[in-house]
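The values are calculated or read from the model by the stated rules, or taken from the named source; none is laboratory data. Just so it is clear, the structure is predicted and the values come from calculations on it, not from any experiment. Neighbour counts run over all protein chains shown; Cβ positions are idealised from the backbone, glycine included. Only protein heavy atoms, including side chains, enter the accessible area calculation; ligands, DNA and RNA are left aside. Shrake-Rupley method; radii C 1.70, N 1.55, O 1.52, S 1.80 Å.
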Amino acid sequence: VPNSYFDLSLRKFITGVNDEQITHRVPQVDITPLIDGSGTTAIYNHPKDPVEVVTGDIVTYTIRVYNEGSIDAYASEITDYLPPNLQYDENSEINKEYGWTISEDGRIAITNYSGNKELQAFNPDTKELDYFDVKIECIVTPEVKQGDKLTNIAEISEYKYDETIVEEDIDSESDNME
């Protein structure tokens with residue numbers, strides 16, 4: 001591992017369905033590999049079992065970006081890829097707050113909300129892993145059939161430190177969903 005390295009990590013989890021908050025899906029982070037040098041990635045433990053939804057439900061996702069690296073960094077753009085039967089909620093106050101823009105076909109949402117939020121480098125002395133959250137709300141469409149699995153995927157599509165845009169960090173590359 002180089003002395004100075006760039007490494008952001010993204011985790012996405014459901015935090016609400018309609019007006020019901022879901023708190024047990026928040027990642028529990030084990031930073032042992034970062035502290036003892038056995039790895040460059042923390043261990044993220046959180047449930048990934050499906051959450052039952054029906055037509056018309058509003059699902060709130062939290063996208064959390066952590067800085068596991070040794071330099072301060074930005075996740076300057078986040079892209080969310082919506083599966084069929086999950087529609088971006090145009091009327092959502094949460095979506096307006098986070099400044100999402102949606103593609104013409106409604107399948108790709110992009111936000112630069114995080115662009116000016118510097119994430120501090122991981123500090124092994126204080127054992128703190130800096131992060132920020134972005135949220136997005138979607139509606140389950142009437143075309144969904146019982147038993148369908150809706151897998152919503154997100155990525156950091158642009159990251160940087162100082163003013164330098166970085167094409168890849170120590171263990172991944174930006175804009176690589178295609």
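Which residue out of R107, R64 is among the basic types (K, R), closer than 17 Å to T15 by Cβ and either in contact (Cβ under 8 Å) with a residue 12 or more places away in the chain or surrounded by 15 or more Cβ atoms within 10 Å (Cβ to Cβ) (or both)?
Just one listed residue meets the conditions, R64.
Go through (1) at pLDDT 90 or above; (2) more than 30 Å from K160 (Cβ to Cβ) one by one and return the number of the condition D49 breaks.
Unmet for D49, out of (1) at pLDDT 90 or above; (2) more than 30 Å from K160 (Cβ to Cβ): (1).
Working carefully through the options V17, V26, find the one that is in contact with a strand residue (DSSP E or B) (Cβ under 8 Å, 6 or more places away or on another chain), under 22 Å from I94 (Cβ atoms) and crowded, with 17+ Cβ neighbours inside 10 Å.
V17
Considering only strands (runs of 3 or more DSSP E) fully contained in the stretch 23-125, which possess at least 2 residues that are closer than 21 Å to S157 by Cα?
Filter on the stretch 23-125 gives 58-67, 74-81, 86-88, 108-111.
So in the stretch 38-51, with the set limited to residues that are open to solvent by less than 60 Å² (accessible area, probe 1.4 Å) and free of Cβ contacts under 8 Å to residues at least 60 places away in the same chain, which one is farthest from E137 (Cα to Cα)?
G39
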